[in-house]
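The values are calculated or read from the model by the stated rules, or taken from the named source; none is laboratory data. Computed from a predicted structure; not experimentally measured. Here the Cβ is made from the backbone with ideal geometry for all residues, glycine too, and neighbour counts use every protein chain on show. We work out accessible area using only protein heavy atoms, side chains counted, and drop any ligands, DNA or RNA first. Shrake-Rupley method; radii C 1.70, N 1.55, O 1.52, S 1.80 Å.
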Amino acid sequence: MAESLVKDGKVILKKGEGRTIKSGGAWVFDNEIASMEGNFEDGDIIQVEDFDGFFLGYGFINSRSKIRVRMLSRWRKAPIDADFIRERVRKAWDYRKKVIDTSSCRVIFGEADWLPGIVVDKYEDILVVESLALGIDRLKMMILEFLKERLAEDGIRIRGIYERSDAPVRRKEGLAPVKGFIGEEFDPNVEICENGVKYIVDVANGQKTGFFLDQKMNRLAMQPLCKGARVLDCFTHMGTFALNAGLGGAREVTGVDISEFAVKEAERNARLNGLDQTVKFVCANVLDYLPELEKKGEKYDVVILDPPAFTKSREATKNAIRGYREINMRGLKLVKDGGILATCSCSHFMTQELFTKTIAEAARSAHKRLRQIQFNTQGPDHPILWGAGDSYYLKFYIFEVSDEK
């Protein structure tokens, strides 16, 4: 039997606290704890009990974080050892094989795969890992080895691993940012194919882990809606929606992004797909560019809005609402009568209800009427764990837009 990873430690909750984890959540916050007992250090796996001694589970402790415990298991009889971690990794991969094209996908999604604080993305034969919490950081190499082992069973040989644990949030866990190769170095520009579109993903310098895999199914949904269309793709990043529009048969596509790096990457991807005559890119601030297009009287068959998160905290939500309202109003004014608007929010704090209300307000301001075609969330390789609200963040609407008549 493998050695237990659980230490001699215990966290006891205050009476009336722990509502989040009791409803299926994954975190215990510092203000929910009455006392801590035993001999342990930050990053260890310890036991969590209710005020009356009732066992609630095992989790990673970190006294430096407001998220004091990240839950790992609810089952008292399950030994937390290397075999337990191997099984979690196996289940994560086996789940992806059921639900999505695994050539490039998110293989491990933190709390939603019951491995809190770690993300692993697969780009063909390259893995990119992002570790954001102290406890899971200690198990990072074990998790990666088990993942390589499981993939090898399916004939997939991993050529290299790159770490992108460079998010500022690590400092809240007492961890310094880390970025670089794990093991042998390789060319960080990796070619992938998604929905028939080829991309060069720079895993070292691209945003997050190099690419936004969560929009895979939403990009695919846009392809048939863009046939013969004039398309405007805002916040295009690496040209993802723009290139799907081009592959779907759009007659003309303009992608806009404020980042020169992103625009250069998008142009390279357009050439890679032989779409550079149809799909063009502009380096500009979308918030300034849309009013300019409106003044010129420009109209599009399809407008796509895929902005970065306008808020990453509950306190900033009011400002974010104004931002989403403005961008959607501007986008709607550029859609032809009977055209298409695709719009999304990737902020957890911008709930579906709030986002829906904001779009409706934007439509009234723009004097447009909306008929909903689709509502989607993030791809199934980014599963939404009920009870863990942070795992549900992406909201994606497609509308037919009509002028008020």
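Listed by first and then second residue, the pairs with beta-carbon distance under 8 Å, at least 6 apart or on different chains, first residue in region 346-357 and over 12 Å from residue 307 (Cβ atoms), second open to solvent by 50 Å² or more (accessible area, probe 1.4 Å), are 348/390; 348/392; 349/312; 349/314. One residue stands out in region 9-29 among those that are open to solvent by less than 40 Å² (accessible area, probe 1.4 Å), under 23 Å from the mean Cα position of the chain (by Cα) and hydrophobic (A, V, I, L, M, F, W, C): the one that is nearest to residue 54 (Cα to Cα), namely 21.
Of the residues making up region 195-220, those that are among the hydrophobic types (A, V, I, L, M, F, W, C) and within 18 Å of the chain's Cα centre (by Cα) are 201, 203, 204, 211, 212, 213, 217, 220. Scanning region 68-94 for residues that are modelled with pLDDT under 95, open to solvent by 30 Å² or more (accessible area, probe 1.4 Å) and in contact with a helix residue (DSSP H, G or I) (Cβ under 9 Å, 6 or more places away or on another chain) returns a single hit, 74. Across region 66-84, the number of residues qualifying as out of contact with any strand residue (DSSP E or B) (no Cβ under 9 Å at 6 or more places or on another chain) and not acidic (Asp, Glu) comes to 2.
For residue 257, the conditions (1) out of contact with any Asp or Glu (no Cβ under 6 Å at 6 or more places or on another chain); (2) under 19 Å from residue 106 (Cβ atoms); (3) modelled with pLDDT of 95 or more are fulfilled apart from (2).
Do we find that residue 378 is open to solvent by 40 Å² or more (accessible area, probe 1.4 Å) and either touching a strand residue (DSSP E or B) at 6+ places or on another chain (Cβ under 7 Å) or closer than 12 Å to residue 397 by Cα (or both) in this structure? Spelling it out, it is not the case that residue 378 is open to solvent by 40 Å² or more (accessible area, probe 1.4 Å) and either touching a strand residue (DSSP E or B) at 6+ places or on another chain (Cβ under 7 Å) or closer than 12 Å to residue 397 by Cα (or both). Being under 27 Å from residue 389 (Cβ atoms) and open to solvent by 60 Å² or more (accessible area, probe 1.4 Å) is a condition met by no residue of region 338-349. Only one of the listed residues (193, 226) is on the phi < 0 side of the Ramachandran plot and surrounded by fewer than 24 Cβ atoms within 10 Å (Cβ to Cβ). That residue is 193. Does residue 24 count as in a loop (DSSP other than H, G, I, E, B) and touching a residue at least 40 places away in the same chain (Cβ under 8 Å)? Criteria met by residue 24.
Candidates are the residues of region 150-179 that are assigned to a loop (DSSP other than H, G, I, E, B) and among the hydrophobic types (A, V, I, L, M, F, W, C); the one that is farthest from residue 202 (Cα to Cα) is 175. If you go through region 180-200 and pick out every residue that is in contact with a strand residue (DSSP E or B) (Cβ under 7 Å, 6 or more places away or on another chain), part of a strand (DSSP E or B) and of a type outside the set (Gly, Ala, Ser), you end up with 10.
Table: residues versus (1) in contact with a Pro (Cβ under 8 Å, 6 or more places away or on another chain); (2) open to solvent by less than 60 Å² (accessible area, probe 1.4 Å); (3) of a type outside the set (Phe, Trp, Tyr).
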| position | (1), (2), (3) |
| --- | --- |
| 171 | yes, no, yes |
| 181 | no, no, no |
| 186 | no, yes, no |
| 200 | no, yes, yes |
| 206 | no, yes, yes |
| 212 | no, no, no |
| 222 | no, yes, yes |
| 231 | no, yes, yes |
| 234 | yes, yes, yes |
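Go through region 356-388 and report how many residues are touching a helix residue (DSSP H, G or I) at 6+ places or on another chain (Cβ under 9 Å) and either at pLDDT below 95 or part of a loop (DSSP other than H, G, I, E, B) (or both). The qualifying residues number 12.
Looking across region 159-169, just one residue is under 22 Å from residue 102 (Cβ atoms) and open to solvent by 20 Å² or more (accessible area, probe 1.4 Å), and that is 159.
Among the candidates 55, 60, the residue that is open to solvent by less than 30 Å² (accessible area, probe 1.4 Å), touching a helix residue (DSSP H, G or I) at 6+ places or on another chain (Cβ under 8 Å) and among the aromatic types (Phe, Trp, Tyr) is uniquely 60. For region 139-155, the condition of being under 18 Å from the mean Cα position of the chain (by Cα) and open to solvent by 20 Å² or more (accessible area, probe 1.4 Å) holds for none of the residues.
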